[in-house]
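Asker: Attaching a single structure in structure tokens format; questions to follow.
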Amino acid sequence: MDLQVVGKTRDLRTSTDIIYGQINIDDYLNLIGEDYDKYGIQRRREKHKAYNRMKNDIKAGALLPTITLAVNKGEVDRVLDILNNQGDDELKKVLETPGIFSILDGLQRTYILHDIREEGHEFNKDQKLLLEFWVEKNPKHIIYRLIVLNAGQKPMSLRHQIELLFMTLEERIKESIPGLEIFREAESRRKSRAGQFVFERLVASYQSFLWKTQELNKSNIVAQQLMEDSVTDSSESDLNDSFERYIFFLEYYTQIDTLAYKYYLASEDGSKINWLSLENVMISFFAAISDFGVSRERENRISKALNNLLDQLASKIQEDPLGLDIYYKLLKGFEIRKINVGVATRKLLFNGFKEFFREEGEKKLSDCWTAEA
């Protein structure tokens with residue numbers, strides 16, 4: 001592998017060390033390895049006519065825009081030490097280590113390059129790629145880099161930016177929340193214990209948290225764009241605070257799921273055991289928290305409600321603490337010919353959770369579902 005270190009700089013806004021490198025395409029694909037392909041589960045491949053043209057241009061030897069890689073958390077200190085205390089030869093060696101990077105910007109280009117090689121095309125050794133390595137261990141700077149600085153690069157929806165964010169911070173999230181396990185829908189797995197959540201559903205729940213709504217696909221395109229703009233116009237500190245608040249309540253959610261799993265396990269009813277891992281429930285729960293928790297006083301009420309729920313699940317004094325018997329009876333009452341059942345279900349959940357928070361958990365969830373049906 002022949003990676004050349006061609007420059008170093010620092011992002012003055014975030015004090016992030018950045019290294020510029022140049023590498024031929026085959027070496028780049030070897031550097032990121034085959035594991036990058038798992039990211040296709042999170043960020044769906046884009047299908048644009050421009051990419052077909054790009055594919056042909058690459059085969060003809062075109063120079064691609066810079067690809068940005070983030071050094072993974074466990075390697076940041078080592079890379080920084082070499083960057084600050086040793087020469088370019090040692091820096092080159094560590095940057096040639098496969099598997100220590102996440103792709104921040106350039107995933108679609110990498111798909112195309114990988115496809116071209118799989119088709120048997122041999123890249124010219126003189127056809128180089130420019131790489132930008134971000135050596136940053138503070139999550140808030142990565143959040144800012146992904147959500148704000150990438151916002152103008154089309155096509156990339158906010159959803160895709162959030163997926164990239166979660167890919168980059170996944171290990172940190174799991175480290176901060178004991179018992180949390182994240183897996184992908186494409187792994188064809190089913191939940192087998194408490195604390196297991198599908199990656200895509202976590203992404204959707206964070207998006208609902210940012211937008212304060214349980215409906216992520218607005219029929220009104222103006223409303224959709226306004227919600228996206230409300231996020232990309234946020235400051236770095238606001239984005240970081242939002243993410244930290246989400247993680248704070250995700251830890252609560254994981255604790256609730258752990259106790260609920262044990263509580264309902266005896267029922268041998270999969271719809272109850274796995275209820276908290278359903279996408280509609282996750283989206284509505286986090287949207288309700290964000291929408292209701294607009295002040296410190298309201299966030300305190302949410303915390304009291306969640307602590308009450310944890311106590312009810314742990315003590316087993318209250319029968320059916322999540323009110324699932326009533327909840328499923330109410331769902332059967334929806335007139336499927338007249339309404340969109342998915343929209344109605346999310347509305348019931350969203351309003352029911354908000355009522356539960358408003359009452360600090362002293363009102364049973366079963367009564368909240370009934371009141372909002």
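No lab work stands behind these numbers, since they all come straight from the coordinates. Predicted model, so just to flag it, every value in this text is computed and none were measured. We place every Cβ from the backbone using ideal geometry, glycine too, and count neighbours over all the protein chains shown.
Asker: Determine the alpha carbon to alpha carbon distance for each of K272/K338; K55/K140; K191/K338; K174/K272; K262/K329 and list only those over 31 Å.
Answerer: Distance filter (> 31 Å) returns K55/K140; K191/K338.
Asker: Can you return the lysines within cross-link range of K59? Criterion is Cα-Cα under 18 Å, with same-chain partners fewer than 8 residues away left out.
Answerer: In chain and number order, the partners are K49, K125, K128.
Asker: Listed highest first by mean packing, meaning other Cβ atoms within 10 Å per residue, what order do 111-119, 199-207 come in?
Answerer: With the highest mean Cβ count within 10 Å placed first, the list reads 199-207, 111-119.
Asker: Right, next: Which label belongs to the value computed from this structure, given these candidates for log10 I(q)/I(0) by the Debye sum over Cα atoms at q = 0.07 Å⁻¹: (i) -0.38; (ii) -0.32; (iii) -0.57?
Answerer: Given (i) -0.38; (ii) -0.32; (iii) -0.57, the calculated one carries the label (i).
Asker: Taking the chain as a Gaussian network, where each spring joins two C-alpha atoms under 10 Å apart, which residue of T168, T213, T14 fluctuates the most?
Answerer: T14
Asker: What residues qualify as long-range amide H neighbours of D105, i.e. H under 5 Å apart, gap of 5 or more or another chain, H built at 1.01 Å from N?
Answerer: Here the answer is T68, since their amide H atoms fall under 5 Å of that of D105.
Asker: Still on this structure, please answer the following. Of the candidates Y51, Y28, Y20, which one comes out as most mobile in a Gaussian network treatment of the chain with C-alpha springs shorter than 10 Å?
Answerer: Evaluated over the chain, the most mobile residue of the options is Y51.
Asker: Test of understanding: in a Gaussian network model of the chain with alpha carbons linked when under 10 Å, which of G352, G195, G120 would top the mean-square fluctuation ranking?
Answerer: With Cα springs under 10 Å in the chain, the top fluctuation among G352, G195, G120 is at G120.
Asker: Output the pairs from K212/K304; K73/K347; K73/K212 with a Cα-Cα distance over 32 Å in this structure; if there are none, say none.
Answerer: With Cα atoms farther than 32 Å apart: K73/K347.
Asker: Dipole size in debye (nearest 20) for the chain around its Cα centre, Lys and Arg Cβ +1, Asp and Glu Cβ -1?
Answerer: My answer is approximately 1120 debye.
Asker: Can you give the translational diffusion coefficient of segment 4-137 in µm²/s, computed by Stokes-Einstein from the Kirkwood radius over Cα pairs at 10 °C and 1.306 mPa s?
Answerer: Result for D is 101 µm²/s.
Asker: Give me a comma-separated list of calculated 3J(HN,Hα) values for segment 312-324, in order, Karplus coefficients 6.51, -1.76, 1.60 applied at θ = phi - 60°, integers in Hz, x for any Gly or Pro.
Answerer: 5, 5, 6, 7, 6, 6, 8, 6, 6, x, 7, x, 6
Asker: Which percentage, to the nearest 5, of the DSSP beta bridges contained in the chain is antiparallel?
Answerer: Around 75 percent antiparallel, to the nearest 5.
Asker: Would you mind checking the tilt of helix 158-176 against the longest principal axis of the Cα atoms of the chain, expressed as 0 to 90 degrees and rounded to 10?
Answerer: Relative to the chain, helix 158-176 is tipped by roughly 80 degrees.
Asker: What Rg and what Dmax come out for segment 177-372 when only alpha-carbon atoms are used, in angstroms?
Answerer: Final numbers for Rg and Dmax: 16.5, 48 Å.
Asker: On C-alpha positions alone, give me the angle between the axis of helix 49-59 and the longest principal axis of the chain, in degrees, nearest 10.
Answerer: So the helix axis and the longest Cα principal axis differ by about 30 degrees.
Asker: Give the distance, in whole Å, between the Cα centre of segment 82-121 and the Cα centre of segment 295-341.
Answerer: 47
Asker: Reachable aspartates and glutamates from K332, Cα under 16 Å, same-chain residues fewer than 8 places away excluded?
Answerer: Those aspartates and glutamates meeting the cut-off are E372.
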